[in-house]
Amino acid sequence: MVFSSLVFIFRFLPLFFIIYYLTPARFRNFVLFVGSIIFYAFGELKYTALILISVIVNYLIARLMDAKGAGEGRRKFLLVSDIIYNVGILVVFKYLEFIITTINDLSGASFTVPELTLPLGISFYTFQIMSYVIDVYRKEADAEKSLIDMGTYLMMFPQLIAGPIVVYSDAALALKARKVDLSNFEEGLKIFILGLGSKVLLANPFGSIWDSTGMGGYDVMSTPLAWIGAIAYTFQIYLISTDTP
């Protein structure tokens, strides 16, 4: 599910807002967490368990690291274990195919090359959760005691796909108490509409120009056409990175 899709704008978002605003404040993180799971599962159902496991593993490691009586040796062991786990997942999904192919080419072996698709948002949520655990290790943040709040921090759907990475200490207070009123809703809706317009009306057409420049093959592309494509691609990336809702 993408933010510019009709399913998100006319089905998911209105229904989520209705449920969210009718829910008592103390249960809203649960609604946001469940809504984010549904949002992620809609586009990446087979890897939904992977991100939920990441929430649980990092939650437990941070709690053990912050437990009373945890010595420095134990804390370092937990930190290294957490980094190995998170980076290991990235390596498996992003580089395992390349590693095995390289080994086969260099050694003449015939190891089976797995066909793995890259889970949605895996780089973003992996680095975000690692930043949280590292902050707990450095004692710059207390370990989150609520698994629901931890899941909300990591999986909140407005930033789950495109980020940005939010340091836990910047989000901790808002996870516990936040102001929700019509003025905030109006401001958020205005930002969303501006971002949606920038993507649909500007970024997408620039992307189409970039795609069309390479249709005839890059080896026969003229210099002016190459410049047009490069400029169009630059504007597409700029508009998406700055104004995507």
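Details
- Set the Cα radius of gyration of the range 185-243 against 2.2 N^0.38 Å, with N its number of residues, and you get 1.40.
- Rough spin-label spacing in nm, given labels placed 7 Å along Cα→Cβ, for V166 and V80: 3.4 nm
- Computed from phi, the 3J(HN,Hα) profile of the range 9-22 under the Karplus parametrisation 6.51, -1.76, 1.60 (θ = phi - 60°) reads 6, 9, 10, 5, 5, x, 5, 4, 4, 4, 5, 4, 6, 8 Hz, with x in place of Gly and Pro.
- Projecting the Cα atoms of M130, V2, L118 onto the charge dipole of the chain, computed from C-beta unit charges around the Cα centre, puts M130 farthest toward the positive end.
- Selection among S222, I38, P164 by position relative to the dipole of the chain gives I38 as farthest towards the positive end (Cβ unit charges, Cα centre).
- Of M156, M215, M65, the one that fluctuates the most in a GNM where the chain has Cα springs shorter than 10 Å: M215
- Each part reduced to its alpha carbon centroid, the range 1-71 and the range 166-208 end up 17 Å apart.
- In this simple spin-label approximation, E186 and A41 carry label points 7 Å from Cα along the Cα→Cβ vector, and these lie 3.7 nm apart.
- Hull-based mean projected area of the chain, where the convex hull spans the alpha carbons, in square nanometres: 18.0 nm²
- Computed over the range 35-100, the percent of Cα pairs more than 18 Å apart is 53.
- Gain on full stretching of the segment that runs from S123 to I9 - 0.36 nm per residue minus C-alpha separation: 38.5 nm
- For a label point 7 Å along the Cα-to-beta-carbon line of L194, residues of the range 151-171 with backbone N under 12 Å: none
- Near the amide H of I165, within less than 5 Å, lie no amide hydrogens of residues on another chain or at least 5 residues away, with H placed in the peptide plane.
Where a number appears in this text, it was derived from the coordinates with a stated rule and is not lab data. Just so we're clear, the structure is a prediction, and the values are computed from it rather than from any experiment. We place every Cβ from the backbone using ideal geometry, glycine too, and count neighbours over all the protein chains shown.
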